[in-house]
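Okay, so here's the structure we're looking at.
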Amino acid sequence: MPSIVTLRCKDESHRDVISVVLSQDAVSAGPDGDPWCAVTLTAAQARSLAQRLLNIALEIKNQEEPGYRTSSRSISHLSSIVAVHDGSQQGHRALQAAQQLASQSFCNLELFGVFGISGTGQASDSSEDYEWQKGWLIRLIEMYSEEAAANGVGFSSRLFPANDPCALLDALYGLDFDLIVIPKNLAEFGIHGERLMLSMVSRRNANVLVCP
């Protein structure tokens with residue numbers, strides 16, 4: 001999906017300038033057959049882009065440090081969001097909140113699905129739970145992918161079995177993101193003291209949102 005990246009950088013004269021970069025898939029044929037570089041923005045995305053450009057311009061004008069107004073750790077300037085989903089209603093609310101923020105910030109969204117969760121929020125002992133929850137998450141991912149495309153949000157997904165919490169945590173530790181949205185019932189998911197929410201708060205420099 002075509003995307004835009006706005007950066008504060010230096011030109012050949014070492015002046016602070018703003019670069020607006022389009023992804024390679026933003027190239028398409030124009031009416032006369034010549035290549036065009038373009039993306040389509042919703043009204044909310046256009047406002048977000050305009051605000052970011054204004055904030056970078058104000059940083060330069062006021063000689064402020066890069067990121068003073070535009071840090072991706074700020075909720076209004078996110079570049080990457082992760083939503084954890086276990087197929088529950090809370091997981092759905094977490095994904096919907098993440099998708100709304102991603103649409104407003106014009107950033108990428110990745111869903112981390114966890115299947116095989118019991119009513120306690122930990123791994124189930126039933127193989128049937130793993131089978132039907134995985135199938136349910138796959139169907140949800142198809143729906144979320146269509147919604148994301150309609151909202152102009154880059155979307156990807158991964159699935160993890162609940163009986164291997166280390167795989168989920170290791171993937172999160174190795175991923176660069178600015179916000180993670182977690183359903184409340186998975187806040188204590190994990191093993192041997194490595195709990196999902198506590199691990200994200202203590203080991204990652206990222207925003208954490210918990211959905212009830």
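Derivation of every value follows stated rules applied to the coordinates shown; laboratory data play no part. Nothing here was measured: the structure is a model prediction, and the numbers come from that model. Don't worry about glycine lacking a Cβ; one is built from the backbone with ideal geometry, like all the others, and counts go over all protein chains shown.
Per-structure values
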read-out	value
Charge dipole (the stretch 4-61, unit charges on Cβ, about Cα centre) - positive-most of Trp36, Ala26, Leu49	Leu49
The chain: relative contact order as a whole-number percent, Cα under 8 Å and 6+ apart	19 percent
Of Gln63, Val114, Gln99, farthest towards positive along the dipole that unit charges on Lys, Arg, Asp, Glu beta carbons give the stretch 30-132	Gln63
Over the stretch 4-61, relative contact order from alpha-carbon pairs under 8 Å, at least 6 apart, %	28 percent
Qualifying chymotrypsin sites (Phe, Trp or Tyr not before Pro) for the stretch 78-162 [loop in DSSP, other Cβ within 10 Å: at most 13]	none
Per-residue Cβ neighbour rank within 10 angstrom, fewest leading, Leu172, Leu78, Leu41	Leu41, Leu172, Leu78
Dipole magnitude of the chain about its Cα centre (Cβ charges: Lys, Arg +1; Asp, Glu -1), debye to nearest 20	720 debye
Estimated [θ] at 222 nm from DSSP helical runs (n ≥ 4, -39500 (n - 2.57)) normalised by residues in the chain, nearest 500	-12000 deg cm²/dmol
Proxy reagent accessibility, fewest Cβ within 10 Å first, across Arg8, Arg139	Arg139, Arg8
Cut-off under 5 Å, modelled amide H: who pairs with Phe115 long-range	Phe160, Ala162
Residues of type aspartates and glutamates that Lys134 reaches as a straight line, Cα spacing below 18 Å, ignoring anything fewer than 8 places off in the same chain	Asp86, Glu110, Asp125, Glu142, Asp164
Which label in (1) -0.24; (2) -0.34; (3) -0.53 gives the computed log10 I(q)/I(0) by the Debye sum over Cα atoms at q = 0.08 Å⁻¹	(2)
About the Cα centre, charge dipole magnitude for the stretch 119-175 (Lys/Arg +1, Asp/Glu -1 at Cβ), debye	180 debye
Cα gyration tensor category, rounded, prolate or oblate, for the stretch 4-61 with a/c compared to 1.5	oblate
In Hz, Karplus ³J(HN,Hα) per residue of the stretch 148-160 (6.51, -1.76, 1.60; θ = phi - 60°; x = Gly, Pro)	4, 4, 5, 9, x, 9, x, 10, 9, 8, 9, 10, 9
Length gained when the stretch Thr120-His192 is fully extended (0.36 nm per residue, less Cα-Cα span)	24.3 nm
DSSP-defined antiparallel bridges as percent of all bridges, the chain, nearest 5	40 percent
All lysines inside 28 Å of Lys61 as judged from Cα atoms, apart from same-chain residues fewer than 8 positions distant	Lys10
